[in-house]
Amino acid sequence: MDPETLRTPVYTPEGSAIVRHNGDRFNNRPLYCNQTSAIVVAGDRPLIRFGNGSVLNGSFMAALVRGNKAKWLHDWSDITSKYRPDRMEWTLKDGGFASTVVTLDAVPPLNFWSLCPFGRADYDYKRDGFCLPKVPPATVQLGNNCRAILLNRRLRPDAALESVTLETLSQEVIIGLMGASLMNPR
């Protein structure tokens, strides 16, 4: 190997991010999950894997399909990756899709609002603010150790509701329920 290759850094700092343009590595950037042994791994290319302990639970790959053209995002020709303490970000371009720019962020589980405190400690914006939403979601307390998140979404008056899909994901055991109430205010 050429010694000059070893002296030339392939990653550069940009604010709080480690940045690489058109890197070739997969799964070299861990995103640790809070209060659990689970991990999300990402890399220079946008292919994401989720594991728990020593088990690989799954992978996420995405492609863009437009007309009769399709291409996996990790195969695009112009990829900038940014690894931050709480997320992985990619900006992607490819000549086969003209001026299309795709941005993709990977955030590990539990960087969302938890339904109960862990270890008798709840979220603290001074301590945990870097990985929390700017405004906490509306919640309702359900007993001493559980809460529900309330989402209020309004349709445009001219939009017809065709379907509603609810999906819940759990690492091991379903520990909660998801429900929806639909209301026509007329």
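Readers should treat all values here as calculations from the given coordinates under stated rules, not as data from a laboratory. Predicted, not measured: the structure shown is a model, and the values here were computed from it.
The table below lists the values:
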item	result
Note, ³J(HN,Hα) from phi for the range 76-87, Karplus 6.51, -1.76, 1.60, rounded to Hz, x at Gly and Pro	5, 7, 10, 10, 10, 10, 10, 9, 10, x, 10, 5
Computed Rg/Rh of the range 3-106, alpha carbon atoms with Kirkwood Rh	1.01
